[in-house]
Ligand code: DC
C-alpha cells in the first residue's frame, strides 16, 4: 500500500477494537491511537478534581475551565521501549492502569457525553490524524472526527462474548470484577454511548461491518487483508 490513509475503527466496548487496530497499525507501519484512553484520562482527571459525584452528576463549567483555561492539561501517549506498547500519560504521569479500573470504566460514558470534553479530545485527535498513516479506534471516529477517513470499520460482537473478553483482560491485570458486573457495565455503556446527543456511537453509512463474535484474530486479519488489497 503506497499511499498513507486514515483508518477509523468504531464500535461497541470490548469488541476487540484495540487489539485489531494495533495489529493493522503494525502491519502497515502506522501509528495506533486509542481514543477511548483519552476519554478515560479526562474521567480520571474529573474524579481527582471532585468534578463528578457517585451519581454521575458532573460540574460541567468547572470541568470546561479545567480543560480549557489556564495551563490546561496534557493527555498523550508514550511508547514503551521494552515492549513497544503505548501507554497513556496525564500531565506527565503514567495512568495506563488506573484508567482501565472499574472506577473509571463506570464513569467514562457520562464524561464522554459532555460536549466540551469531546471538543478537547477531538482537537488532539485531528492534530494527530492530520499526518495520515494512523489507525484510530473509538466510537465516532468515522462519523465525527474523520468523516473523510479512507477506510471505516464498524466492529460488533455479542454482549456475552464481549463481557467474557473484558473479564479475562481485567483478571490478567489482577483487577476485581464479576461477569455480571462487567456485563452490566457494558450494557450501560452501550446505551449511554449510542444515545448521547453529541456524536453518538453509530455506524457510518460507508463503514464495513465486522461482527467478530465467532471469529478468531487470524480470521479477522484475513478479512482485513482482503480489504486492504483494494487500496
Ligand atoms: O473504548 P473504551 O471502552 O476505552 O472507551 C471508553 C469510553 O469512551 C466509552 O464508553 C465511550 C467513550 N468514547 C467515545 O465516546 N468516543 C470515542 N471516540 C472513544 C471512546
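Name the residue that is farthest from the ligand (Cβ to nearest atom), counting only residues in the range 186-208 that are closer than 12 Å to residue 12 by Cβ and touching a strand residue (DSSP E or B) at 6+ places or on another chain (Cβ under 8 Å). This residue is 203.
Report yes if some residue within the range 189-204 is assigned to a loop (DSSP other than H, G, I, E, B), on the phi < 0 side of the Ramachandran plot and crowded, with 20+ Cβ neighbours inside 10 Å; otherwise report no. Give the steps one after another, and end with the answer.
The first filter runs over the range 189-204 and keeps only residues assigned to a loop (DSSP other than H, G, I, E, B), leaving 196-204.
Now drop any that are not on the phi < 0 side of the Ramachandran plot, which leaves 196-198, 200-204.
If we keep only those that are crowded, with 20+ Cβ neighbours inside 10 Å too, we end up with 201.
Looking through the range 189-204, at least one residue is assigned to a loop (DSSP other than H, G, I, E, B), on the phi < 0 side of the Ramachandran plot and crowded, with 20+ Cβ neighbours inside 10 Å.
Output the helices (runs of 4 or more DSSP H) that fall wholly within the range 51-168 and possess 2 or more residues being under 20 Å from residue 16 (Cβ atoms), or say none.
Working: elements: 60-68, 102-112, 115-129.
In the range 51-168, the matching helices (runs of 4 or more DSSP H) lie at 102-112.
Within this structure, residue 160 passes the test of being in contact (Cβ under 8 Å) with a residue 12 or more places away in the chain, more than 25 Å from residue 48 (Cα to Cα) and over 15 Å from the mean Cα position of the chain (by Cα). The residues of the range 173-188 that are surrounded by fewer than 12 Cβ atoms within 10 Å (Cβ to Cβ) and part of a helix (DSSP H, G or I) amount to a single one, 180.
Candidates in the range 1-44 are the residues that are over 16 Å from the mean Cα position of the chain (by Cα) and part of a helix (DSSP H, G or I); of these, the one that is nearest to the ligand (Cβ to nearest atom) is 26. Applying a threshold of 6 Å to beta carbon distances and a minimum spacing of six or more residues, or different chains, the list of pairs starting in the range 118-147 at a residue that is closer than 13 Å to residue 33 by Cβ and free of Cβ contacts under 8 Å to residues at least 60 places away in the same chain and ending at one that is part of a helix (DSSP H, G or I) and within 12 Å of the ligand (Cβ to nearest atom) reads 122/145.
Readers should treat all values here as calculations from the given coordinates under stated rules, not as data from a laboratory. Note that the structure is predicted; figures quoted are calculated from it, not measured. So basically every Cβ, Gly included, is an ideal-geometry build from the backbone, and we count neighbours across all protein chains shown.
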